[in-house]
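Scroll down for the structure; my scribbles are underneath it.
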Amino acid sequence: MKQVNPPAAATWLLEHMTKNEALAGDLFEGYQHGRSAGWYWRQVMAALAIRFSEGLGDRWPAVVFAALWSAMPFPWWWRFVVRREDILTGYVVVFPWPYSMICFLALSIASAVAFVWLGLALCLLFGCLKRTVRRPRVLRALRASLLIFVPLQFGVVLLSLSAARINQELLLVFSHFCFFVPLLVSAWLGLPAAGGAASSPAPS
Amino acid sequence: MTGDNTLVDRTDSTNRLHGQDFFSIIEQMRERNYLGEFELMVLLALIQTGDDAYGLPISQELANHRRRDVSLGSVYAALDRLERKGCVSSALGEPTAERGGRAKRYFRATKAGLRQVHETRKVLTRLWHGLPALKGARA
């Protein structure tokens, strides 16, 4: 027997990812008029894909920037990962355990955050040349970069310290990815859309 | 055109383009003024639907003519683009229980939109003259 309401998970995704009330209402109405749950899911997935592709088109500078900045060499950060023994024996190890480890993790992550924030600052500064970048957007971008980046970097550093033998090239690729994702998200949130509000309803 | 003016304003006395113009050019390339195939179909479906046209009847009208299902998301995306081009205007209605408490967004073709459709039809009709027939296809 068909449910009275459309699939809740699809509705949640639609409402939170597209923020298009009229579209959500149309799909609800279509479902109420006999369309199947499969139709509802297909429509939601198509709407999300379209929203994402439009977002990419509107915020292409954020994508380009994130790709370029995360591909850049960052020796002063990479030094912490690859040459960890030198650093550990150099000055971190002077502290007793576990403070030495805490100090190492804090140094690694703080340097990586500094690298991301430097890039983000340049990106937003460049964005200011074209459009007004407002303070709430900047704060949202900084918050997002911290929320995503710190756990990812924590994982990278722990992986590099783990006893298991890890392919260094694989670790490098993974660490680039861990820079790319938070940079993309934070630049995406920080920079205003190039083509204006893409899908928000504009009642006249 | 506003975009053209922006580009001209940034050129200095030596007529050299500045670095920022790269982004303006890319954006102008994206903001096409002519109607795309799907946009034209959506606009025609909107005109056929008549008054009180909103997403669902427009997509059903389009699906009937195309004889295949249409994604409502792509219809809304096309309507948004048409609205930015000034071909369509929209207004939000009252939320109803039938739609789970969500409002309808009513669309209407503007005069500029109608003019654009007529212009496109003229151009396409001229272009279709002398179109060679497909081998084995019935006329």
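No value in this document is a laboratory result; all are computed from the given coordinates. Values in this document were obtained by computation on a predicted structure and should not be read as measured data. Virtual Cβ from ideal backbone geometry, glycine too; neighbours counted across all protein chains shown.
Structure notes:
- Sorted ascending by nearby beta carbons within 10 Å, beginning with the fewest, A:Met101, A:Met72 become A:Met72, A:Met101.
- A:Trp69, A:Trp60 arranged by Cβ crowding within 10 Å, fewest neighbours leading: A:Trp60, A:Trp69
- Nitroxide proxy distance, nm - points 7 Å out along Cα→Cβ at A:Asn167 and A:Tyr99: 4.0
- Summing charges over neighbours of A:Ser186, with a neighbour being any other residue whose Cβ is under 14 Å away from its Cβ, gives +4 when K and R count +1 and D and E count -1.
- Computed over the range B:36-117, the ratio Rg/Rh where both radii use C-alpha atoms and Rh is Kirkwood: 0.96
- Working from Cα pairs under 8 Å separated by at least six residues, relative contact order for the range B:41-139 is 26 percent.
- Using the Cβ-Cβ distance between A:His33 and B:Ile47 with R0 = 25 Å, the FRET efficiency computed as 1/(1 + (r/R0)^6) comes to roughly 0.60.
- Taking other residues whose beta carbon is less than 14 angstrom from the beta carbon of A:Leu48, and scoring Lys, Arg as +1 and Asp, Glu as -1, yields +1.
- When each of A:Ser108, A:Ser186, A:Ser100 is scored by the number of other beta-carbon atoms lying within 10 Å, the sequence from fewest to most is A:Ser100, A:Ser108, A:Ser186.
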